[in-house]
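Right, one structure below, let's go through it.
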Amino acid sequence: MKRIVLTLIAITILSVTGLVFGAQFQANMDGEVTIILIDGETEISRNTHAFKEGDTLYDLLSQNYQIYCADRNYQKDETCTPVAFAEITGRILLGINDLESNWSDTFIQIQLNGVPATAGMDQLQFTDQDEISLVLKTVE
């Protein structure tokens with residue numbers, strides 16, 4: 001009996017986690033965010049963009065920048081088609097304007113208000129006056 005209860009608890013936790021991490025989060029209000037592009041330690045641009053309720057970070061980036069993403073094999077995909085990995089479906093940012101990751105020894109880190117984000121372009125929750133930094137980092 002104890003084993004069945006533990007199995008049911010584990011299944012419930014995994015199901016809820018899948019729903020949360022597979023969800024696409026959208027802005028729940030209108031507002032403005034500042035998007036900062038950083039190459040290593042050098043800020044290369046800072047722009048403020050208006051957003052509307054329902055927008056995602058992907059929406060903001062694709063409307064205001066030249067971006068490309070990774071496909072399932074981590075090859076360049078200019079259409080930025082969402083890709084499913086386990087329970088999460090989303091996009092992996094490989095390039096934005098002049099910031100380009102080669103994915104083998106560099107990557108673009110998303111930061112929300114100076115803190116590394118725990119979600120991607122489709123899942124990141126942001127609000128009015130947030131700062132979103134896209135930082136080209138080197139794998140150490």
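None of the figures in this text is laboratory data; all of them are computed from the coordinates on show. Nothing here was measured: the structure is a model prediction, and the numbers come from that model. Note that we place each Cβ from the backbone using ideal geometry, even for glycine, and neighbour counts take in every protein chain shown.
Worth a mention:
- Total residues in region 70-96, condition surrounded by 13 or more Cβ atoms within 10 Å (Cβ to Cβ), among the aliphatic types (A, V, I, L, M) and out of contact with any helix residue (DSSP H, G or I) (no Cβ under 6 Å at 6 or more places or on another chain): 6
- Restricting region 114-140 to residues that are more than 14 Å from the chain's Cα centre (by Cα) and exposed (fewer than 15 other Cβ atoms within 10 Å of the Cβ), the residue that is nearest to Thr89 (Cα to Cα): Thr127
- Within the span defined as region 103-112, one or more residues are in contact (Cβ under 8 Å) with a residue 24 or more places away in the chain, surrounded by 15 or more Cβ atoms within 10 Å (Cβ to Cβ), out of contact with any Cys (no Cβ under 7 Å at 6 or more places or on another chain) and not in a strand (DSSP E or B).
- Residue ID - farthest from Thr127 (Cα to Cα), chosen from residues in region 23-67 that are in contact with a Gly (Cβ under 7 Å, 6 or more places away or on another chain) and buried (at least 18 other Cβ atoms within 10 Å of the Cβ): Ile67
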